[in-house]
Amino acid sequence: MIQSNRLTKEQYTVNFSDIHPPFETADAALVEANRCLFCYDAPCTKSCPTGIDVPKFIKQIATENIKGSAHTIFSSNIMGAGCSKVCPVEKLCEGSCVFNLMEEEPIPIAKLQRYSTEKAMEKNWQLFRRNEPTGKKVAVVGAGPAGLSCAHVLSRAGVDVTIYEKEAKGGGLMTYGIAAYKVTPQFCEDEVNYILGIGGIEVRYNQELGKDISLTQLKKDYDAVYLAMGVGIARKLDIPGEKLEGVVDAIQFIYDIRSNGFSSVPVGDKVAVIGMGMTAIDAATQAKRLGASEVTLVYRRTEAEKPCTDVELDIAKLDGCEIIWLAAPLKVKGSNGKVKQLVCSKMKLGEPDASGRRSPVDTGETFAMEVDMVIKAAGQVPYEKLVKKYKLDNKNGKLVLKDKATTNIKGVFAGGDAVNGGKEVVDAVQAGKDGAKAILEFLKLC
Ligand code: SF4
């Protein structure tokens, strides 16, 4: 049965405590920093989408220059604190560390990054100053990682920025769409405030593009516009029974956990999660941690094609989640309007599709699972209607750019999930930097 408040307060605290705890002492950080070989042509830096100078910031920690270290990180990635908690480092910096080649533990780059950046946030070290005002003003749509990153670079260059955010808080998916044991809502709020601490950035909350504000008006009122509204609408399964009580969107489920608190969020006894991306893993593990007795992830391909990392999958397995590979939802059956059963098709792999991964093909065989909750995590779709309304070049709703940041409309730039359909936070931060660079060139400020 679906119900909230399944566990005690203490159990929620334990289940949602920090999955990657920080160093306990400064000495522990120093020991790890001193293991680094400070490689010339460092592969860790090359594999960071924002190009953080990893050996430099680790060297600064090793010489106890924590402020300098934080400056090095934030110069490349203003969300370096949050990224140290949510980046899939096993496929980025830490996965490229030369220690892997020696079959030794890589340098814990994320933990060291967290060490410096959290100290900077805690002490409110404002490490950047704004240039003289340029008299230019830019509107940014979306206070997620791409929007904040773009706004920060522009503000540093002396541009006045107004961010229009549809939610009541900033941070985007970092604030609303990631498991609470990775980043807490409080941390996200602190991080947004820290970024805004530079000044020159006003955020107007509860302002949605196409509803409360229009692109036409923004173009009139500002020298340039940066679109970073992300993707928002959960992809439908388009199967019978999708409207039954107990079928929920993963993003909404995670959003509710983060906004309403653990004890308020209803969860089933037996939960099926459709999908195998990071959002699916976050939904499955959190359903388990909210007190569901059985959680099963259902994925239409095999483990070799899964979009999540091995580390993410291990978290789900360690939390006791079951996994069914090569299965696709066919229908949800109910009783009295509530979910009772999920019927799935058994799949096999066929020829590779456009993504290069082998496509799932229906075998015609089916099986049923007794469940009382189905969480849909089959991806999110872009704001297709909205971008078409404004005649922005797009492919199925995803914005198509002329270069790294320029749309087909003069003075309108874009980046982040609205363009790529949904990648990592760190990719969005880099997109924001690219957007700011293009805007500064457009405004002839660089
Ligand atoms: Fe240090 Fe590893 Fe990067 Fe080399 S690859 S600089 S050892 S973190």
- [ ] Considering every residue within the range 17-30, establish whether at least one is outside any loop (DSSP other than H, G, I, E, B), in contact with a Phe, Trp or Tyr (Cβ under 9 Å, 6 or more places away or on another chain) and among the β-branched types (Val, Ile, Thr).
- [x] no
Open item on the list: Kindly evaluate Ala168 against the criterion of being among the hydrophobic types (A, V, I, L, M, F, W, C) and crowded, with 17+ Cβ neighbours inside 10 Å.
Closed with: no
TODO: Name every residue in the range 394-409 that is farther than 12 Å from Ala438 by Cβ and exposed (fewer than 15 other Cβ atoms within 10 Å of the Cβ), in order of residue number.
DONE: Lys395, Asn396, Val400, Asn408
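Restricting the search to the range 303-326, which residues are under 20 Å from the mean Cα position of the chain (by Cα), acidic (Asp, Glu) and over 13 Å from Asp282 (Cα atoms)?
Applying the first criterion (under 20 Å from the mean Cα position of the chain (by Cα)) to the range 303-326 yields 306-316.
Then keep just the ones that are acidic (Asp, Glu); that gives 310, 312, 314.
Within the range 303-326, Asp310 is the sole residue that qualifies.
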Open item on the list: Any residue in the range 41-59 that is farther than 12 Å from Ser76 by Cα and outside any helix (DSSP H, G or I) sitting within a Cβ distance under 7 Å of a residue that is of a type in the set (Gly, Ala, Ser) and near the ligand (Cβ under 9 Å from one of its atoms)? List the pairs, counting only those 6 or more apart or interchain.
Closed with: Ser47/Ser96
Task: Search result, residues across the range 362-402 that are of a type in the set (Val, Ile, Thr) and over 27 Å from Lys331 (Cα atoms) - done: Val387, Val400
TODO: Of the numbered conditions (1) crowded, with 20+ Cβ neighbours inside 10 Å; (2) under 22 Å from the mean Cα position of the chain (by Cα); (3) touching a residue at least 40 places away in the same chain (Cβ under 8 Å), Gly379 fails exactly one; give the number of that condition.
DONE: (1)
Task: the range 197-233, subset surrounded by fewer than 20 Cβ atoms within 10 Å (Cβ to Cβ) and hydrophobic (A, V, I, L, M, F, W, C), residue farthest from Gln430 (Cα to Cα) - done: Ile213
Open item on the list: So, in the range 187-246, how many residues would count as being under 30 Å from Lys331 (Cα atoms) and among the charged types (D, E, K, R)?
Closed with: 6
- [ ] Counting only residues that are among the basic types (Lys, Arg), give me the helices (runs of 4 or more DSSP H) lying completely in the range 346-446 with at least 1 of them.
- [x] 384-389, 425-442
Task: Filtered residue count, the range 86-109, keeping only those that are within 11 Å of the ligand (Cβ to nearest atom) and part of a helix (DSSP H, G or I) - done: 9
TODO: Return yes when Gly68 is more than 16 Å from the ligand (Cβ to nearest atom), more than 15 Å from the chain's Cα centre (by Cα) and surrounded by fewer than 24 Cβ atoms within 10 Å (Cβ to Cβ) and no when it is not.
DONE: yes
Task: Single unsatisfied condition, Glu10 versus (1) among the acidic types (Asp, Glu); (2) away from the ligand (no atom under 16 Å from the Cβ); (3) farther than 30 Å from Thr285 by Cβ - done: (3)
Open item on the list: Take the residues in the range 43-65 that are within 10 Å of the ligand (Cβ to nearest atom) and surrounded by fewer than 22 Cβ atoms within 10 Å (Cβ to Cβ); name whichever of them is nearest to Ile107 (Cα to Cα).
Closed with: Pro55
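Values in this text are rule-based calculations from the coordinates and carry no lab data. Quick caveat, the model's predicted, so the values are computed rather than measured. Using ideal geometry, Cβ is built from the backbone for each residue, glycine included, and neighbour counts are taken over all protein chains shown.
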